[in-house]
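Have a look at the structure that comes next, please.
Every number here is computed from the coordinates shown, using simple stated rules; none is lab data. Bear in mind that the values here come from a model prediction, so they are computed numbers and not experimental data. Ideal geometry is used to build each Cβ from the backbone, glycine not excepted, and the neighbour counts take in all protein chains shown.
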Amino acid sequence: MNLLKRIYSILLKEYGFQGWWPVTPVNYCSGSETAPIYGIATKNDKQRLEIIFGAVLTQNTQWKPNVERAIIELNRLNLIGINQILKVKHEILAQAIKSSGYFNQKAKKLKNVAEFLKKYPIKKLRKMDLWESRKLLLNINGIGPETADSILLYALDKQIFVIDAYTRRIFANLGVIKPEAAYDEVQKLFMDNLEHNHRIFKEYHALIVEHAKRHYSKKPYGKNDLLLKAFA
DNA sequence: AACCAGGACGTGA
DNA sequence: TCACGTCATGGT
């Protein structure tokens with residue numbers, strides 16, 4: 001078994017199933033304050049849209065409590081919808097997502113995404129070729145590589161590996177990659193060495209984030225990393 | 001009370 | 001291409 005696959009097994013055993021991406025359950029009734037929950041297997045298009053919005057809102061921001069509150073608020077105001085987002089005034093939207101930070105930028109980004117989804121609906125994107133849909137997403141102002149790949153993997157169930165700052169930190173610390181390695185290069189490494197299974201891709205990325213939160217958020221990075229001991 | 005979080009964009013060199 | 005400033009809330 002290769003190194004990346006072994007690391008996945010170690011992290012899964014250590015932290016257990018993460019069940020990303022958290023989504024608001026379907027039987028949510030308006031007015032209550034149901035937080036998005038982990039481990040949801042099947043999603044409808046509204047839930048997929050919520051994931052897409054969440055991917056934007058969580059840019060450089062903690063999910064809990066900042067983004068979680070914003071998602072709850074969007075649901076409360078019945079704004080998880082393409083037309084709703086396009087219709088709502090900027091000030092109202094920015095206010096609704098205030099807790100996620102960068103609310104002015106992110107309000108615009110949500111509108112950009114909604115505008116895009118009118119031309120390329122979720123159903124159409126899901127049928128489209130992976131790299132073609134990725135290119136389209138990257139053309140949206142406000143969607144970079146990580147957000148695009150999060151959308152492709154978690155909202156559209158496509159088989160692509162998400163790279164983030166944590167991934168770089170951990171695997172550079174292990175000597176697997178160079179710290180300055182480009183996004184696409186790191187992504188290729190993972191995708192060349194792992195089975196192309198979206199469930200594994202989802203879970204692996206979530207486990208990386210969990211591991212990084214514990215050992216790679218404050219310096220010195222990777223001080224008590226069990227992975228270092230495992231491969232010393 | 002600084003520091004950081006599941007980034008991306010605009011700018012100037 | 002690439003380094004650098006900017007965007008902003010909430011928890012530690």
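For a footprinting-style exposure proxy, rank A:W63, A:W21 by other Cβ within 10 Å, fewest first.
Details: A:W63 18, A:W21 26.
The fewest-first ordering by Cβ neighbours comes to A:W63, A:W21.
PRE reach from A:Y38 (point 7 Å along Cα→Cβ): which of segment A:60-77 fall under 15 Å by backbone N?
A:63-65, A:68
Considering only A:Y15, A:P220, A:V67, whose Cα is most displaced toward the positive end of the charge dipole of chain A, charges sitting on Cβ of Lys, Arg (+1) and Asp, Glu (-1)?
Final value for the positive-end residue is A:V67.
Could you calculate the contour length gain from A:R199 to A:D129, that is, 0.36 nm times the residue separation minus the distance between their Cα atoms, to one decimal place in nm?
Details: separation 70, 0.36 × 70 = 25.20 nm, distance 1.85 nm.
Going from the current span to full extension adds 23.3 nm.
In deg cm²/dmol and to the nearest 500, what is the mean residue ellipticity at 222 nm of chain A if only DSSP H runs of at least 4 residues count, each as -39500 (n - 2.57), divided by the residue total?
Value at 222 nm, helices only: -16500 deg cm²/dmol.
Counting trypsin sites (Lys or Arg not before Pro) as exposed when in a DSSP loop with at most 13 other beta carbons within 10 Å, what is the longest stretch of chain A free of them?
Details: sites that count: A:K89, A:K218, A:K223.
Excluding the exposed sites themselves, the longest stretch runs over A:90-217.
Provide A:F116, A:F161 in ascending order of the number of other Cβ atoms located within 10 Å of each residue's Cβ, fewest first. Numbers along the way, then the final one.
On the way: A:F116 20, A:F161 25.
So the ranking, lowest neighbour count to highest, is A:F116, A:F161.
Determine which residues of segment A:94-127 fall in the zone a paramagnetic label at A:N141 would reach in this model, i.e. backbone nitrogen under 18 Å from the point 7 Å along Cα→Cβ.
Taking a point 7 Å out along Cα→Cβ of A:N141, the residues of segment A:94-127 whose backbone N falls under 18 Å are A:94, A:102-119.
Using every pair of alpha-carbon atoms in segment A:1-66, split the distances into 5 Å bins beginning at 0 and state the percent of pairs per bin, rounded to integers.
P(r) over segment A:1-66, rounded to whole percents: 4, 13, 19, 20, 17, 14, 8, 4, 1, 1.
Moving on. Run through all the Cα pairs of chain A and give the fraction in each 10 Å bin from 0, expressed as whole percent.
Pairs per bin, as whole percents: 7, 32, 35, 19, 5, 0.
Cross-link partners among aspartates and glutamates for A:K202, C-alpha distance below 18 Å, same-chain residues fewer than 8 apart left out?
Excluding near neighbours in sequence, the set is A:E14, A:E50, A:E146, A:D149, A:D157, A:D164, A:D184, A:D192, A:E210.
Let me ask another. Compute the FRET efficiency between A:A165 and A:N27 as 1/(1 + (r/R0)^6), taking r as their Cβ-Cβ distance and R0 = 41 Å, and round to the nearest 0.05. Let's see the in-between values first.
Values: r = 36 Å, r/R0 = 0.87.
With a Förster radius of 41 Å, E is 0.70.
Pick out which of A:S99, A:S217, A:S150 has the largest mean-square fluctuation in a Gaussian network model of chain A, springs linking Cα atoms closer than 10 Å.
Greatest mean-square fluctuation among the candidates belongs to A:S217.
Determine the shape class of segment A:62-184: with a ≥ b ≥ c the square roots of the Cα gyration tensor eigenvalues, call it rounded for a/c under 1.5, and otherwise prolate if a/b is greater than b/c, oblate otherwise.
oblate
On full extension of the chain, what length is gained from A:K213 through A:R6, given 0.36 nm per residue of separation minus the C-alpha to C-alpha distance? If you can, show how the numbers build up before the last one.
Values: separation 207, 0.36 × 207 = 74.52 nm, distance 2.01 nm.
In short, 72.5 nm is gained.
Return A:I37, A:I72, A:I97 ranked ascending by Cβ neighbour count within 10 Å, so the fewest neighbours appear first. Could the numbers behind the result be given before it?
On the way: A:I37 11, A:I72 20, A:I97 26.
Sorted ascending by nearby Cβ count, the order is A:I37, A:I72, A:I97.
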